[in-house]
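Peer 1: My questions all concern the structure below.
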Amino acid sequence: MTEQDVKKLLEIGECINIEFKESKESVNKDTYQTVCAFLNRIGGHITPNTLIPYTKNPKIARVFREIGRADELGSGVKNIFKYTPIYSKGGVPQFIEKDIFRIIIPLVPETETRSGETTRETVEKTVEKTVEKTVEKILSLIRENPKITMREIEESTGLSRRGVEWNIAKLKKEGKIRRVGPDKGGHWEVTG
């Protein structure tokens with residue numbers, strides 16, 4: 001394989017852990033399964049204790065590791081076993097070698113939350129509450145010090161410069177604040 005061949009592989013996102021994969025058209029609500037075209041050299045179920053990483057092409061693997069496009073061999077399987085129980089309420093992933101290599105990862109159905117809301121609804125409400133608190137904090141800071149600078153708002157809220165600018169623009173658009181005078185020497189007014 002030439003250097004040009006390796007570059008072509010990189011351009012399409014290929015690396016040692018990307019191979020032919022087939023997935024169902026839609027993800028089951030409680031399980032994700034995928035089928036991969038590589039073999040488990042020992043057969044049967046793979047667990048962290050029975051995992052024996054095997055590089056089919058050590059030269060290509062070394063190149064990808066050296067340029068940062070591949071992790072330690074076998075680390076993906078270890079991470080799936082480590083994190084699946086955390087994110088799927090105790091679920092255990094399965095890596096099964098038969099005629100094909102099958103990966104089964106249990107998922108938490110979207111509707112399983114304490115309040116009966118979907119996960120998406122919970123996230124949306126949390127984001128909305130966070131934005132509301134941030135807006136109230138900015139309005140409070142402006143009321144306390146109409147000559148407050150962007151830098152002072154950043155420091156008081158913990159927002160990035162871009163975050164402060166986004167919130168200020170939003171407040172201006174909603175008519176809740178307005179700038180009186182120039183950027184330097186002017187001041188803010190809370191209008192709504």
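Peer 1: In whole angstrom, how long is each semi-axis of the equivalent ellipsoid of the stretch 119-190, when you take the square root of 5 times every eigenvalue of its Cα gyration tensor and sort them from largest down? Spell out each step's value before the answer.
Peer 2: Numbers: eigenvalues 119, 30, 20 Å².
Equivalent-ellipsoid dimensions as semi-axes: 24, 12, 10 Å.
Peer 1: Suppose the chain between Glu121 and Lys173 were pulled fully straight at 0.36 nm per residue; how much longer would it get relative to their current alpha carbon spacing?
Peer 2: 16.1 nm
Peer 1: By counting other Cβ atoms within 10 Å of each Cβ, how are Val190, Val180, Val164 ranked from fewest to most? Don't skip to the end; give the middle numbers.
Peer 2: Details: Val190 14, Val180 9, Val164 21.
Final ranking by Cβ density, sparse to dense: Val180, Val190, Val164.
Read the figures in this text as sums done on the coordinates, not as results from a lab. Every value quoted in this text rests on a predicted model; they were computed, and no experiment measured them. Note: ideal-geometry Cβ built from the backbone for every residue, glycine included; neighbour counts use all protein chains shown.
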